[in-house]
1. According to the Cα gyration tensor, what semi-axes, each the square root of 5 times an eigenvalue, does the equivalent ellipsoid of region 43-105 have, listed from largest to smallest in whole Å?
2. Just subtract the alpha-carbon distance of residue 83 and residue 148 from 0.36 nm times their residue separation and send over the number in nm, one decimal.
3. Under the rule of at least 5 residues apart or a separate chain, name every residue whose amide H is placed under 5 Å from the amide H of residue 140.
4. Between residue 39 and residue 111, what is the spin-label point distance in nm, taking each point 7 Å from the Cα along the Cα→C-beta axis?
5. Per-residue HN-Hα couplings for region 57-69, Karplus 6.51 cos²θ - 1.76 cosθ + 1.60 at θ = phi - 60°, whole Hz, x for Gly and Pro?
6. Taking amide hydrogens as modeled 1.01 Å from N in the peptide plane, which residues meet the under 5 Å criterion relative to residue 78, leaving out close sequence neighbours?
7. For residue 158, which sequence-distant residues (separation of 5 or more, or a different chain) have an amide H within less than 5 Å of its own amide H, given hydrogens modelled in the peptide plane?
8. So if each residue of separation counts as 0.36 nm, and I subtract the Cα-Cα distance between residue 71 and residue 92, what length gain in nm does that give?
Amino acid sequence: MKKLLIPFAFLLAAIPANAGFKHELKTVVSGVTDGAYSHAKRIGSTTSFSSEGITASAVGGLTAPAESNGSHTGVAATLGTHTFAQTSAGSSTSLTQSFLQGDVVPTQTGIGITNGATTTLLSLGDTVTYSGGNSTNMAVGLTQAGAISLTPGSAGSSVSGSISSIVEIGR
């Protein structure tokens, strides 16, 4: 029994661990200057009316824009002439009419861009514009002491920087 206990005791004895230690510090910075974008869409002319106790004797609707050689000349459709009369004198009546004149054909067909930012824009019935950033001096500064400085650049660009400090013991 003693002979079995001695090898078993060696297995239970403490074995020094060969464990390492690693300490890592990272500093990461980045910057983005968004680019410009614009969405412009022409809208058409629309008209509508509703009535109660009213008789429409003439409904002109929309007058089509002028054409030259199959192309519109730039003027949007206009509202035609409507003629209404009260159906029964002295009775209640209501009339609601709306007209939205659409966009003319623009002479400007694009947008102006300087340093990646929009300078001139289309102005149409459905327009969304984001100007974006405007800086031409992008820079990243890092020091061993952990100081980081970033200067974003032109629209649509990005900058980034990082510092890593690693201490390893016993590996």
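Readers should treat all values here as calculations from the given coordinates under stated rules, not as data from a laboratory. Not measured: the values here are computed from a predicted model. Methodologically, a virtual Cβ is constructed for each residue, glycine included, from the backbone with ideal geometry; neighbour enumeration extends over all protein chains shown.
1. Values for region 43-105, descending: 32, 11, 6 Å.
2. Working: separation 65, 0.36 × 65 = 23.40 nm, distance 7.35 nm.
Length gained between residue 83 and residue 148: 16.0 nm.
3. Residues meeting the criterion, in which the H sits 1.01 Å from N, are 151.
4. With each label point 7 Å from Cα toward Cβ, the separation is 1.2 nm.
5. 8, 8, 10, x, x, 9, 8, 5, x, 5, 10, 9, 6
6. Here 63 satisfy the definition.
7. Placed amide hydrogens put 33 under 5 Å from residue 158.
8. Fully extending the segment from residue 71 to residue 92 adds 3.0 nm.
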